[in-house]
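Heads up, the thing below is written out as structure tokens.
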Amino acid sequence: EFWTSSNMDQRMAILDQLESDYYGPGLLSLAETILSPGQVSEANLRLRAVDLLTGNTSPDILPILAKVLNGPDEDIHVDAIRAASQVKDPALVEFLDEATHSENPELRLTGLHVIDGLSGDLRSTALTRALESAHEDVALTAVSLIEVEASESTVHLLFDALEASNQSVQEEARLSLDYIFGRSFSSGDEARTWWASHQSEFGPELVRKD
């Protein structure tokens with residue numbers, strides 16, 4: 001019915017109805033077709049197709065959104081990144097890597113917002129990749145995000161940041177570790193050696209034990 005209608009308002013209404021009544025692979029297939037080059041020229045319909053994917057937890061949406069992110073529709077690039085925020089799959093890291101390495105600062109910031117909403121190993125892996133970004137704003141923000149939720153399982157990322165190629169990132173990591181431990185480290189190796197000897201003095205959230 002969507003493809004047989006030539007009225008844009010009617011097409012939009014069909015998409016709205018589909019979203020409210022159905023949530024499955026057929027919806028992904030329709031969104032992918034709408035977003036394919038040359039299929040639908042109306043920008044608002046293409047944006048609506050991205051909206052259909054928002055909140056979907058399946059990693060199957062990532063190749064679709066990656067095509068959008070690498071396509072000519074700059075107006076919906078940010079929406080494509082946001083649409084992936086509920087996916088909890090390692091493939092998300094590769095997708096976000098494209099965002100945080102973009103030349104567009106708005107896309108980089110949006111990618112970082114999505115990373116900030118992650119947890120566990122997925123968050124750690126995404127932050128590790130962000131620390132490697134050639135864009136200083138991304139790497140510095142990654143250090144800040146690590147510091148905010150620093151723990152036994154993530155502090156090694158700050159040690160790694162001491163070895164970053166960017167001196168500003170090194171210094172930010174040094175300041176973060178000084179704030180957490182009250183100690184300044186000159187290198188990642190020094191920090192790791194110290195931590196190996198003193199880890200038992202701290203709890204999981206890096207609070208010094210009494």
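Here is a list: 79, 89. Which entry is closer than 20 Å to residue 116 by Cβ, of a type outside the set (Phe, Trp, Tyr) and part of a loop (DSSP other than H, G, I, E, B)? That would be 89, the only listed residue that is closer than 20 Å to residue 116 by Cβ, of a type outside the set (Phe, Trp, Tyr) and part of a loop (DSSP other than H, G, I, E, B).
Confirm whether residue 20 is part of a helix (DSSP H, G or I), surrounded by fewer than 13 Cβ atoms within 10 Å (Cβ to Cβ) and modelled with pLDDT under 60. Before you say what the answer is, go through the steps one by one.
Working: part of a helix (DSSP H, G or I): yes; surrounded by fewer than 13 Cβ atoms within 10 Å (Cβ to Cβ): yes; modelled with pLDDT under 60: yes.
So residue 20 passes the test.
Please pick out the residue among 144, 151 that is among the hydroxyl-bearing types (Ser, Thr, Tyr) and in contact (Cβ under 8 Å) with a residue 40 or more places away in the chain. If you could, list the steps in order and put the result at the bottom.
Numbers: 144 fails: in contact (Cβ under 8 Å) with a residue 40 or more places away in the chain.
The unique qualifying residue is 151.
Listed by first and then second residue, the pairs with beta-carbon distance under 8 Å, at least 6 apart or on different chains, first residue in the stretch 167-195 and more than 20 Å from residue 149 (Cα to Cα), second open to solvent by 70 Å² or more (accessible area, probe 1.4 Å) and assigned to a loop (DSSP other than H, G, I, E, B), are 187/163; 194/183.
The values are calculated or read from the model by the stated rules, or taken from the named source; none is laboratory data. A quick note: this is a predicted structure, and the numbers were derived from the prediction, not measured. Every residue, glycine as well, gets a Cβ built from its backbone with ideal geometry; the counts of neighbours run over all protein chains shown. These area figures cover heavy atoms from the full protein model, side chains too; ligands, DNA and RNA do not enter into them. Shrake-Rupley method; radii C 1.70, N 1.55, O 1.52, S 1.80 Å.
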